[in-house]
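Here it is, the structure in full.
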Amino acid sequence: QVQLVESGGGLVQPGGSLRLSCAASGTFNSIGAMAWYRQAPGKQRELVATITTVGIADYADSVKGRFTISRDNAKNTVTLQMNSLKPDDTAVYYCYANVRRLSSSPQVTYWGQGTQVTVSS
């Protein structure tokens with residue numbers, strides 16, 4: 001079984017910073033692309049940032065220049081550094097990973113349980 005466990009959410013004032021982390025645990029062969037998504041109340045889940053196995057990152061236009069995604073392949077973790085936070089960034093943030101359980105098996109998508117980020121004064 002593979003689990004993704006997020007941490008680092010909370011309440012922050014506009015203009016502040018938060019750092020989200022996600023760690024993959026369990027038995028698996030490798031992890032492919034990893035990402036962060038978010039879902040605000042009444043809205044669809046949206047992609048925030050992705051990162052490939054070799055560290056190539058891509059971002060939603062709404063967070064470019066403010067958020068930075070990174071990963072540590074040795075520790076099976078992905079991190080989202082969020083700066084200059086705005087009230088519109090308020091959402092539940094979900095970690096995402098494509099995991100290959102065995103070398104011969106296809107990649108399967110796993111999700112974390114979500115962590116709440118609230119930006120408010």
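The values are calculated or read from the model by the stated rules, or taken from the named source; none is laboratory data. Everything numeric here is computed off the predicted structure, so don't read it as measured data. Counting neighbours? That spans all protein chains shown, and the Cβs are built from the backbone with ideal geometry, glycine included. Note: areas computed on protein heavy atoms with side chains; ligands, DNA, RNA excluded. Shrake-Rupley method; radii C 1.70, N 1.55, O 1.52, S 1.80 Å.
Of the options Ile31, Ser105, Val119, report the single residue whose Cα projects farthest towards the positive end of the charge dipole of the chain (beta-carbon charges: Lys, Arg +1; Asp, Glu -1).
Sorting the options by dipole projection puts first Ser105.
Kindly sort Leu47, Leu18 by accessible area of their heavy atoms, largest first, with the probe set to 1.4 Å.
Of Leu47, Leu18, the descending order of accessible area is Leu47, Leu18.
Output ³J(HN,Hα) for the stretch 43-53: one whole-Hz value per residue in order, computed from phi by the Karplus curve 6.51 cos²θ - 1.76 cosθ + 1.60 with θ = phi - 60°, and x for Gly and Pro.
10, 6, 5, 10, 6, 9, 7, 10, 8, 7, 5
Connecting C-alpha atoms closer than 10 Å in a GNM of the chain, tell me which of Val92, Val78, Val54 has the biggest fluctuation.
Fluctuation is largest for Val54.
Next question, about the same structure. Using alpha carbons only, how many angstrom separate the centre of the stretch 1-43 from the centre of the stretch 62-121?
First find each Cα centre; the distance between them is then 4 Å.
List the lysines whose Cα lies under 27 Å from the Cα of Lys75, skipping any in the same chain that are fewer than 8 positions away.
Lys64
Also, quick follow-up: For a quick check: with amide H placed at 1.01 Å from N, whose amide H comes under 5 Å from Val108's, ignoring anything fewer than 5 positions away on the same chain?
Result for Val108 returns Val99, Arg100, Arg101.
Let me ask something else about it. I want to verify a result. In a Gaussian network model of the chain, Cα cutoff 10 Å, which of these has the top mean-square fluctuation: Asp89, Asp61, Asp72?
Of Asp89, Asp61, Asp72, the Gaussian network model singles out Asp61 as fluctuating most.
If you roll a 1.4 Å probe over the heavy atoms of the protein chains, what accessible area per residue do you get for the chain, in Å²? Working shown, then result.
On the way: 6430 Å² over 121 residues.
Per residue, the chain has an accessible area of 53 Å².
Under 15 Å from the 7 Å Cα→Cβ point of Val108, by amide nitrogen: which residues of the stretch 9-42?
Counting backbone N atoms under 15 Å from the label point, the list is 25-32.
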